Amino acid sequence: MRAGVVCAPMQPLSHPDSYYAATAGGMADHPPLAGDIACDVCVVGGGFTGLSAALHLAERSYSVVLLEANRLGWGASGRNGGQLNSGLRMNPTDLVARFGRDEARRLWALAEEAKETVRERILRHAIACDYKSGNLLAAVRPQHVKRMAEDTACLQEVLGYKDVRLVSRDEAAAMVDTGRYHGGVFDAGAGHLHPLNYALGLANAATAAGARLFEGTAATAIEPGGAASDRATVRTAGGTVRARFVVLGCNGYLGRLEPRLASKIMPIGNYMLATEPLGEERARKLIRDDIAVCDTKFVVNYYRLSGDRRLLFGGGETYSAQEPRQLKQFVRSYMLRTFPQLVDVRIDYAWGGQLAITLNRLPHFGRLGGNLFFAQGYSGQGVALTSLAGKLIAEAVAGTAERFDVFARIGHRDFPGGARLRRPAAVIGMLYYSLRDRL
Ligand SMILES: Cc1cc2nc3c(=O)[nH]c(=O)nc-3n(C[C@H](O)[C@H](O)[C@H](O)COP(=O)(O)OP(=O)(O)OC[C@H]3O[C@@H](n4cnc5c(N)ncnc54)[C@H](O)[C@@H]3O)c2cc1C
């Protein structure tokens, strides 16, 4: 860890005005940190990564303090599409080509464990988060179908994943009421959930396991332990935490807290809306089997039905910290390209959040200076992988790092321009691909 990495304190923010915040259950208030305390592990960030790490560590009898700058689940974890996807953000054939069969199988098996970890937590803690199974990846171009056939064969035959099957153009049209798809892959082993309620369920479970959670408490500096002390110090406006280990789970909201991690990720703004409730009949005409859907555009459209039968639709992204003005109109225009028949439907909520991508779209796990662990850069695949990250970090803190290292040994390059200039360089590349979506 570096001494004196300083981050300006922020004013704590409440949850954005989203469908998720409006339907949040079990939200407890946690006080800000006031005073100086000590613990075994200080977790920074109260999203899925931090909450999962805190829960797994507390269950292993470590004393855990978690610091969240705003509210628990305030970041991407409380705002996302809720799609619990299989694997990593890399096509299976590319995964095998890059890592070889054995390592690709290890990565795939861990990604499977990620989904299972989420489902197991939901059951064990009775988290009411509307979990449903089944995801469709829908092809927006004929050539994507060919690629899907290769990937599906690779999944079934090389990686041993049998829960996927190809879907014809006609079947896709029966499953989703849009004429836009040339076919797809149905994944019965994936699913979807209410992400904020899942995050709050993890928070309540972590508290019950003994973790101390603080909201409205931004870590402003992390100072390493040195010769004089084996403990790191995490500074906040209201006090300090002295800890043997620090876990960073700030992802797209890391800011300047740890520049060595910031250069490996780029924050991207992603946007969603919730329609008015559509009623059972209209909702199920849209998405027959209540599954989640994601298309193959570079700037993906993803959607599903909520528990109360709204369409939750994600579309559009930005590469600056600036949110589009007229957010409802912005996301609605993507929705209408997929579902023009919804032109009469009222949009009740629109919101956005920041996720972090890496250059190779694989998650970035690791440690700095021996006692700082981090996981970030899930590249849009964090609903499942974050829960695994917390579990593997807890294992590594306890001294067994083999499984954590399967991810930690993945090489990651800095974004061109590093943390300061990465945006302009990456934006040009992103805009090129998003332009191709429109051709
Ligand atoms: C609109 C949108 C849709 C998405 N859809 C999907 C999807 O369908 N499926 C999927 O798999 N992934 C999806 N993602 C990505 C997914 O949400 C993320 O990968 C995941 O939530 C990351 O969790 P996290 O805990 O690492 O980070 P976050 O949930 O972003 O949490 C980081 C937390 O750290 C806190 N923090 C930052 N700095 C400090 C500090 N100095 N001190 C204290 N606290 C700090 C922040 O306040 C924040 O609460 C989506 C993301 C967005 C934005």
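The values are calculated or read from the model by the stated rules, or taken from the named source; none is laboratory data. Nothing here was measured: the structure is a model prediction, and the numbers come from that model. Every residue, glycine as well, gets a Cβ built from its backbone with ideal geometry; the counts of neighbours run over all protein chains shown.
Just one of the listed residues (E103, E116, E68, E112) is acidic (D, E), over 24 Å from A28 (Cβ atoms) and touching a Ser or Thr at 6+ places or on another chain (Cβ under 8 Å), namely E112.
Name the single residue, out of those in region 363-382 being touching a Ser or Thr at 6+ places or on another chain (Cβ under 8 Å) and of a type outside the set (S, T, N, Q), that is nearest to the ligand (Cβ to nearest atom). Across region 363-382, the extreme among qualifying residues is G382. For the residues L336, L359, the requirement of being farther than 15 Å from G269 by Cα, in a loop (DSSP other than H, G, I, E, B) and away from the ligand (no atom under 15 Å from the Cβ) singles out L359. Note on region 59-73: among residues that are within 14 Å of the ligand (Cβ to nearest atom), assigned to a loop (DSSP other than H, G, I, E, B) and touching a strand residue (DSSP E or B) at 6+ places or on another chain (Cβ under 9 Å), the one that is nearest to N197 (Cα to Cα) is L72. Would you say R309 is touching a residue at least 60 places away in the same chain (Cβ under 8 Å), touching an Asp or Glu at 6+ places or on another chain (Cβ under 8 Å) and of a type in the set (K, R)? Spelling it out, it is not the case that R309 is touching a residue at least 60 places away in the same chain (Cβ under 8 Å), touching an Asp or Glu at 6+ places or on another chain (Cβ under 8 Å) and of a type in the set (K, R). Considering only region 145-164, I want to know if a residue exists there that is under 21 Å from T386 (Cα atoms) and of a type in the set (V, I, T). No, region 145-164 has no match at all. Of all the residues in region 383-407, those that are more than 16 Å from the ligand (Cβ to nearest atom), in contact with a helix residue (DSSP H, G or I) (Cβ under 9 Å, 6 or more places away or on another chain) and not basic (K, R) number 8.
Answer yes or no as to whether V299 is aliphatic (A, V, I, L, M), at pLDDT below 95 and under 29 Å from D17 (Cβ atoms). Criteria met by V299.
Given the criterion more than 10 Å from the ligand (Cβ to nearest atom), surrounded by fewer than 24 Cβ atoms within 10 Å (Cβ to Cβ) and part of a strand (DSSP E or B), identify the matching residue among D102, D94, D40. Just one listed residue meets the conditions, D40.
Pairs meeting the criteria (first residue in region 333-358 and closer than 15 Å to R310 by Cβ and among the small types (G, A, S), second residue within 11 Å of the ligand (Cβ to nearest atom) and part of a strand (DSSP E or B), beta carbons under 6 Å, at least 6 apart or on different chains) are A350/L273.
Could you tell me whether G26 is surrounded by fewer than 17 Cβ atoms within 10 Å (Cβ to Cβ) and either part of a loop (DSSP other than H, G, I, E, B) or in contact with a Pro (Cβ under 6 Å, 6 or more places away or on another chain) (or both)? When the stated conditions are applied, G26 passes them. If I filter region 67-86 for residues that are under 27 Å from A153 (Cβ atoms) and among the hydrophobic types (A, V, I, L, M, F, W, C), do I get at least one hit? Yes: one or more hits. Within region 214-267, the set of residues being of a type in the set (D, E) and near the ligand (Cβ under 10 Å from one of its atoms) comprises E215, E258.
The strands (runs of 3 or more DSSP E) found entirely in region 145-259 that carry 1 or more residues being under 26 Å from the mean Cα position of the chain (by Cα) and under 28 Å from R106 (Cβ atoms) are 164-167, 184-192, 239-248.
From the list A237, A208, A218, A283, the lone residue that is surrounded by 21 or more Cβ atoms within 10 Å (Cβ to Cβ) and at pLDDT 95 or above is A218. Looking at the structure I just gave you, is A389 assigned to a helix (DSSP H, G or I) and without any contact (Cβ under 8 Å) to a residue 40 or more places away in the chain? Considered against the rule, which asks whether it is assigned to a helix (DSSP H, G or I) and without any contact (Cβ under 8 Å) to a residue 40 or more places away in the chain, A389 comes out as no. None of A54, A128 is crowded, with 22+ Cβ neighbours inside 10 Å, among the small types (G, A, S) and touching a residue at least 40 places away in the same chain (Cβ under 8 Å) except A54. Listed conditions (1) within 11 Å of the ligand (Cβ to nearest atom); (2) in a strand (DSSP E or B); (3) more than 18 Å from the chain's Cα centre (by Cα) are all met by A274, apart from (1). Here F374 meets the list (1) in contact with a Phe, Trp or Tyr (Cβ under 9 Å, 6 or more places away or on another chain); (2) assigned to a helix (DSSP H, G or I); (3) modelled with pLDDT of 95 or more almost entirely, failing just condition (2).
For region 292-300, check the following and say yes or no: at least one residue is assigned to a loop (DSSP other than H, G, I, E, B), within 24 Å of the chain's Cα centre (by Cα) and farther than 26 Å from G377 by Cα. No.
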